[in-house]
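Structure record follows, encoded as C-alpha cells.
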Amino acid sequence: MANGIIIKVKKGYTGIIRGEDGREYRFNRKRIAEGELKQVAIGRRVEYEPDGDWATQIRLLAEVVEVRAKKKSKTQPNSNSTTKPQYAPSQGYRFLNPYNFVRPLKVYDRSKSVLLGRTSPPPHDRYVGLSGRIACRLTTTTPLFVADAHRVEPDPDVADHFHYHFFRVPEGNIAIPASSIRGAIRSIFEAATNSCFMHLSGEQEPGDKRLSYHLPPGDALRLVPGRVRKDGDTWELELLPGTTPITPDRRPSGPQYAAWIMFYRPILKSRTKMRASHSPYSKRQQLSPEGYEHGQKYWALIEKVRHPLRHFEFWNVVALADREEDLPKPSEAQRRVLGY
C-alpha cells in the first residue's frame, strides 16, 4: 500500500491524491474500500493501491494535515523556476513524539511551576507543588477481567495451562487494584507534561523495532477463527470459517467467518446506529451470556445481516441453546447451526 494526502475534492466525492512518490492520482467514491464518505476532505491521509493514474482500494486514515495552496509564480510562464511541493515524504527514520498532540505548558518562572518543566524529580519525603486526593466512581461498561497473581492454579489435565481468578481484596471482595487506575492517570500526566518515554529499545537501532501493533479494522475481516484440539498425542488447529470459503490474505468473499453475538450494549449509541437506526443491524436483539462458557458447543439460530455503512455481511446470532430442539423455529431467512 502507498501513502498520500487528499489535495483536491470535487462534487460527488471525486478528487485527487498526492502520493509520497510526488505523483497525483485521481479517485472516486467507488474506489474507497475503508472509511465513510463524509471523511473525504482535503488534507486527509490515505493508503491506496496505485493503478495507472488512478488510486484504488483507498483506506481513509484518521490524521488530517494542513495542505497549503500553491502560490502563483511572479515569473513568466516560460520560466524555469519550480514551486515547492505541498507534501514531501520524510527520508529515512524520523523521530516522532506521540505526546506532541498535547502541547506542554510554557514555564516562564520555574519557581512557580516546578513540576511542569525539565527539572529534577520532586523528593518523596515531602509534598511539593499540588497534592490532594482524587475521588472517582468506576463503572465497567464492557466485560473486564483482572487476574490475581497470587491465585494461579495449574490445570490437572493439560500441561502448561493455568486457571486464573479475579483479583480480590483481603476481605474476599472482588476489586480492581489501584495500580490499574494509576496507569491511566499517569498516561494523562505524561501527555500534558511532554514527558519522556517509558518503553525504549536498546538492542536495535531506533525505528527497527515495533513497540506495539494495533490491527487495522479492515485487516481484521481477514482473520479466521479457530480452536486448538488434541487428536491422540497430536495437537491440531481447527479453522472455523463458517459458511464462507477461506481466501488467504483477502477479505471474505461472503459473510464474515465468525458470527456476531450481542451480549451487551454500550452506554452511548455507535455512529452506525445513530445514522441507520431503523436498519436490521440496529434492531438486533441482545442475548444474555449467563449459563454459557467459552469452548463449549451450542446450537444457534442465525440470520444474515448487512452492515448499513461498511456494506459487509455477517451472521447474527438470534438465539442460543444447549439442544437444537430448544431453539425457536427458523424463518425462511434463518438457519440452525452448531458451533462454539
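Using a simple spin-label model with pseudo-atoms 7 Å out from Cα toward Cβ, Glu238 and Ile174 lie 3.0 nm apart. With all protein chains kept in place, the per residue accessible area of segment 227-310 amounts to 74 square angstrom at a probe of 1.4 angstrom. Are there GluC sites (Glu not before Pro) in segment 213-299 that DSSP puts in a loop and that have at most 16 other Cβ atoms within 10 Å, and which ones? Those satisfying the criteria are Glu290, Glu293. Measuring against 31 Å, Cα to Cα, the residue pairs Lys38/Lys329; Lys297/Lys329; Lys30/Lys283; Lys283/Lys329; Lys38/Lys304 contain Lys38/Lys329 as the ones spanning a longer distance.
The values are calculated or read from the model by the stated rules, or taken from the named source; none is laboratory data. Quantities reported herein were computed from a predicted structural model and do not represent experimental measurements. As a convention, Cβ positions derive from the backbone with ideal geometry for all residues, glycine included, and neighbour counts pool all protein chains shown. For accessibility, only protein heavy atoms count, side chains too; no ligands or nucleic acids. Shrake-Rupley method; radii C 1.70, N 1.55, O 1.52, S 1.80 Å.
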